[in-house]
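What follows is a short report on a single structure.
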Amino acid sequence: MRGAAVLVGGEPGIGKSTLMLQIAAMGIRGGRALYVSGEESAEQLHSRAVRLGTVTDRIEVLCESRIEAILDTIKTLRPVLVVVDSIQTIVSEEAGPVPGTVNQIKYVSHELMDITRRDGISLFIVAHVTKEGTISGPKVVEHMVDTVLYFDQSDSDLRILRATKNRFGSSDEIGLFVMREEGLREVGEPDVLFLNHRTGDLPAGVVVAPVYEGSRILLVELQALVVPAKGSVSRVYSDRIDLGRVSRVAAVVEKHLGLRLSDHDIYVNVAGGIRINEVGIELPIALALYSARTAISVESGVASAGELTLAGEIRPIRQMAARLKATRSLSIRKMIGPASVDSIDSVEWHRVDTIGEAIASVFGSSDFRA
């Protein structure tokens with residue numbers, strides 16, 4: 001969007017500068033791009049451009065950290081795209097001599113956004129992240145920009161670009177890339193990217209679930225492990241799914257199935273390292289916990305999706321028909337969920353209204369007391 005400001009955050013070396021250089025070389029609207037580097041030299045940027053195959057006369061490089069010089073260059077060059085890499089290195093004499101402070105980041109960000117919005121220039125601001133995984137500097141910068149993108153890396157070479165704020169579109173969209181020698185490349189067939197392809201039966205505690213991320217349906221493998229607590233207090237370990245959601249699902253399973261989990265440590269993971277935030281993951285979590293606790297494996301070819309209420313009911317979720325269609329590319333033959341959706345091709349739909357019915361449909365019985 002003309003005049004829009006996009007904040008891109010991520011860990012060092014994850015590919016932010018590579019992505020920005022690839023975008024700048026695309027020749028947006030046929031105009032020139034200005035790449036402002038406060039960290040790397042022109043020789044370093046040229047070396048990367050040669051490796052990526054993005055050497056073009058459409059990119060002007062400015063290795064400068066003073067905001068006054070950057071603004072003068074923008075006024076003179078009048079580019080259609082400006083990349084500032086990174087905002088923590090830019091300094092203004094008006095805000096003090098030290099870069100990276102709260103006042104500096106707020107001031108220089110405002111100056112950059114003011115000139116780019118006035119002249120209709122698309123602005124990309126690159127920002128580092130802290131050890132906690134958040135963009136360093138004041139959170140107010142995220143409120144100032146139009147779009148916030150976070151670069152995340154899974155356990156493999158996969159890079160996940162996630163929109164957490166977007167004034168001009170959906171904030172649920174994700175981009176999936178892999179880093180190659182020639183730069184970031186979009187992942188083909190991402191719907192089955194996060195599955196472990198096995199020839200035999202699934203291990204206990206493993207459940208396949210179609211999740212809705214932005215406009216994509218991704219088939220992911222949920223893994224649960226339930227073991228006796230090592231101390232007097234049980235704990236829940238989950239860095240890919242919200243801890244509160246896992247704890248809530250475990251409480252519902254214990255209450256409505258009589259399956260004792262409160263004296264056990266619970267570990268939940270998503271294969272491939274992607275973070276899942278949507279509510280449709282709750283029924284698969286419940287099935288995975290039941291499978292792990294009882295040591296009964298989920299039969300191969302079974303997938304599930306649904307929201308789990310505190311009353312043990314399974315509520316409908318969005319895009320159920322699309323989730324069902326996504327399972328056709330695999331050997332999925334049975335889908336467990338809440339809504340009434342017609343079966344498609346070789347995938348049989350099983351409607352369930354409660355967690356007890358879901359357990360009975362998958363495992364053949366919900367009568368377990370321990």
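Can you pull out every residue in segment 303-323 that is in contact with a Phe, Trp or Tyr (Cβ under 9 Å, 6 or more places away or on another chain), at pLDDT 90 or above and surrounded by fewer than 24 Cβ atoms within 10 Å (Cβ to Cβ)? Matches in segment 303-323: Ile317 only. Take the residues in segment 1-56 that are touching a residue at least 60 places away in the same chain (Cβ under 8 Å) and of a type in the set (D, E, K, R); name whichever of them is nearest to Arg78 (Cα to Cα). If we take residues in segment 1-56 being touching a residue at least 60 places away in the same chain (Cβ under 8 Å) and of a type in the set (D, E, K, R), then Arg2 is nearest to Arg78 (Cα to Cα). Only residues that are farther than 16 Å from Glu313 by Cβ and of a type in the set (Lys, Arg) were counted across segment 246-262, and they come to 1.
Among the criteria (1) of a type outside the set (A, V, I, L, M); (2) in a loop (DSSP other than H, G, I, E, B); (3) farther than 25 Å from Arg162 by Cβ; (4) in contact with a strand residue (DSSP E or B) (Cβ under 8 Å, 6 or more places away or on another chain), the one Ser291 does not fulfil is (2). Filtered by the rule that a residue be surrounded by fewer than 24 Cβ atoms within 10 Å (Cβ to Cβ) and either of a type outside the set (Asp, Glu) or in contact with a His (Cβ under 9 Å, 6 or more places away or on another chain) (or both), segment 277-302 gives Asn277, Val279, Thr294, Ala295, Ile296, Ser297, Ser300, Gly301, Val302. Restricting attention to segment 190-221, the residues being modelled with pLDDT of 80 or more, over 16 Å from the mean Cα position of the chain (by Cα) and closer than 13 Å to Ala271 by Cα number 5.
One line per residue, one yes/no per condition, for (1) at pLDDT 95 or above; (2) within 14 Å of Gly38 (Cα to Cα):
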residue	(1), (2)
Leu62	yes, yes
Arg78	no, no
Ile87	no, yes
Ala95	no, no
Gly100	no, yes
Asp114	yes, no
Thr130	no, no
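With the structure loaded, tell me whether Glu278 is without any contact (Cβ under 8 Å) to a residue 12 or more places away in the chain and closer than 25 Å to Val352 by Cβ or whether it fails that test. Quick ask: steps written out before the conclusion?
Working: without any contact (Cβ under 8 Å) to a residue 12 or more places away in the chain: no; closer than 25 Å to Val352 by Cβ: yes.
So Glu278 fails the test.
The values are calculated or read from the model by the stated rules, or taken from the named source; none is laboratory data. No experiment lies behind these values; they were computed from the predicted model shown. We place every Cβ from the backbone using ideal geometry, glycine too, and count neighbours over all the protein chains shown.
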